[in-house]
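Colleague: Sharing a structure below in structure tokens format, with a few things to ask.
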Amino acid sequence: MQPFSPSVLHALRAATPGLENSAYFNYAAQAPVSAKTLAVAQRLQNEESARWPHLGAPMREQTEIARTALAALLSADRDEIALTGGNSHGWGLAFAAMGPWRAGDRILVGRHEWGGNLAAMALCAGQAGARIETIPCDAQGAVDAAALEAMLDARVKMIALTWLPANGGLINPAAAIGRIARRHGIPYFIDAAQAVGQLPIDVEKLGCDVLSGAGRKALRGPKGTGFLYVRRDFLPRLSPVFADRLSALTDQDGAASWRAGAARFENAEASQALHGGLANAVEEALALGLENIRAATDAAAQSLRARLAAIPGVAMADLGRDHSGLVSFQMDGIAADAAARRLAERGVTVAASPAFYTPLDMQSRRLDQLIRASVSYLTLDEEIERLANAVETLRR
Ligand SMILES: Cc1ncc(COP(=O)(O)O)c(C=O)c1O
């Protein structure tokens with residue numbers, strides 16, 4: 001089903017600078033912002049330079065507008081949202097606040113966990129003697145919720161899931177895992193870097209305690225933006241490792257307390273231009289409708305998968321039953337980075353996704369890189385045809 005008519009799609013693309021430059025299949029890395037998002041950020045940057053140094057109160061107005069929009073996007077409350085500088089920034093702040101870790105603690109992770117999150121876990125918890133263990137996958141390669149339940153005991157202190165992994169089209173069963181985490185009272189972190197702006201999200205249905213997102217991917221916000229959701233009842237469990245004049249309050253005697261809500265994870269110093277741009281991008285996504293965005297993205301991804309799968313010498317590499325807009329494949333005899341370079345010469349932008357994005361999964365599949373062609377609701381049939389034709393040409 002294509003929820004956006006050709007004329008709506010045409011108008012959305014016309015209002016997106018940069019799309020005319022190539023057939024773009026790298027939305028999972030960074031999506032082009034709309035002309036309005038760009039204009040809002042530029043106007044605010046101009047105002048910030050010209051006017052705001054002389055004003056006090058309005059300095060965080062855009063942060064609050066973005067918080068309201070993000071709360072609506074996630075079906076969360078405003079006080080459960082913090083604005084961050086990117087996905088890993090938010091995820092890492094919440095993770096660092098989980099300690100102290102002790103020898104024998106167990107952290108259970110999906111096999112497709114983002115490499116940066118794994119590094120944070122290994123460097124903070126692993127060095128204290130905590131064990132990071134991989135939850136088995138089902139026959140299709142998704143995290144197996146039943147296998148997770150069989151692993152649980154009193155030493156399990158956290159479950160971490162990357163919902164839509166960076167390397168391929170898998171959608172992990174985040175809500176099924178959340179039901180288990182809730183039932184057993186185990187803290188549950190979701191990395192939703194690729195999910196926000198691509199799927200409808202309801203944090204209550206997901207059952208997560210923490211969820212992190214990036215602004216610059218499917219959400220089409222400015223680079224350098226992201227957010228962190230922390231469930232209100234979970235917040236007291238976290239001890240942030242960083243305080244400033246915004247995140248903490250000090251009284252006249254110097255006694256300090258954390259600011260109310262998830263905003264205790266924010267920096268006092270923040271770009272209002274970026275937050276205003278992010279707010280606009282979220283409002284645009286909400287106006288289009290996340291169900292519509294998901295349906296259009298899925299239609300483009302399915303059509304690309306079908307077209308590529310029919311090309312001799314192309315092997316599709318997406319795991320799972322439910323698929324995202326990240327289409328991954330390999331070409332016989334051509335390494336992914338070489339393929340990406342040669343496709344770029346033909347005006348087609350894809351990514352070569354390296355093993356360190358999802359190291360546990362890539363190692364278990366004995367892969368060192370994949371070609372990743374990520375689509376959006378903005379993707380045209382003509383672009384899909386252009387990519388498929390270019391792949392056919394390289395195969396010859
Ligand atoms: C699943 C996932 N998590 C985390 C990240 C990193 O996000 P950021 O660069 O905003 O920290 C990415 C980036 O591609 C990602 O795909």
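The values are calculated or read from the model by the stated rules, or taken from the named source; none is laboratory data. If you're wondering where the values come from, they're calculated on a predicted model, not measured in any experiment. FYI the Cβ positions are ideal-geometry reconstructions off the backbone, even for glycines, and counts take in every protein chain you see. Accessible surface is based on the protein model in full, side chains and every heavy atom, while ligands, DNA and RNA are left aside. Shrake-Rupley method; radii C 1.70, N 1.55, O 1.52, S 1.80 Å.
Colleague: Which is open to solvent by 20 Å² or more (accessible area, probe 1.4 Å), modelled with pLDDT of 95 or more, closer than 19 Å to Glu113 by Cα and β-branched (Val, Ile, Thr), of Ile171, Ile186, Ile159?
Modeller: Of the residues listed, the single one that is open to solvent by 20 Å² or more (accessible area, probe 1.4 Å), modelled with pLDDT of 95 or more, closer than 19 Å to Glu113 by Cα and β-branched (Val, Ile, Thr) is Ile171.
Colleague: Sticking with this one: Any idea which residue in the range 185-222 is nearest to the chain's Cα centre (by Cα), counting only those that are within 9 Å of the ligand (Cβ to nearest atom) and in a loop (DSSP other than H, G, I, E, B)?
Modeller: Once the filter is applied, the top-ranked residue is Ala193.
Colleague: Let me ask something additional. Among Ile371, Ile384, which is touching a Ser or Thr at 6+ places or on another chain (Cβ under 7 Å) and not in a strand (DSSP E or B)? Spell out how you get there, then give the answer.
Modeller: On the way: Ile371 fails: not in a strand (DSSP E or B).
One residue alone meets the criteria, Ile384.
Colleague: Residue check, Thr225 against (1) within 16 Å of the ligand (Cβ to nearest atom); (2) open to solvent by 40 Å² or more (accessible area, probe 1.4 Å), all met but one. Which one?
Modeller: (2)
Colleague: What's the total number of residues in the range 87-122 that are open to solvent by 10 Å² or more (accessible area, probe 1.4 Å) and either farther than 17 Å from Phe234 by Cβ or away from the ligand (no atom under 11 Å from the Cβ) (or both)? Can you show your working first?
Modeller: First, the residues of the range 87-122 that are open to solvent by 10 Å² or more (accessible area, probe 1.4 Å): 87-89, 92-93, 96, 99-106, 111, 114-116, 118-120, 122.
Okay, now just the ones that are also either farther than 17 Å from Phe234 by Cβ or away from the ligand (no atom under 11 Å from the Cβ) (or both), so 87-89, 93, 96, 99-106, 111, 114-116, 118-120, 122.
Adding up the residues that qualify gives 21.
Here's the yes/no breakdown for (1) outside the structural domain of Gly221 (by TED's automatic domain parsing); (2) over 21 Å from Thr162 (Cβ atoms):
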{"residue": "Ala273", "(1), (2)": "no, yes"}
{"residue": "Val282", "(1), (2)": "no, yes"}
{"residue": "Gln302", "(1), (2)": "yes, yes"}
{"residue": "Ala309", "(1), (2)": "yes, yes"}
{"residue": "Gly320", "(1), (2)": "yes, no"}
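Colleague: Give the number of residues within the range 31-55 that are surrounded by fewer than 16 Cβ atoms within 10 Å (Cβ to Cβ) and within 16 Å of the ligand (Cβ to nearest atom).
Modeller: Counting residues in the range 31-55 that are surrounded by fewer than 16 Cβ atoms within 10 Å (Cβ to Cβ) and within 16 Å of the ligand (Cβ to nearest atom) gives 0.
Colleague: Follow-up question, since we're still on this one. Has the range 275-294 got any residue that is over 25 Å from Gly90 (Cβ atoms) and either touching a Phe, Trp or Tyr at 6+ places or on another chain (Cβ under 8 Å) or without any contact (Cβ under 8 Å) to a residue 40 or more places away in the chain (or both)?
Modeller: Yes, the range 275-294 has at least one match.
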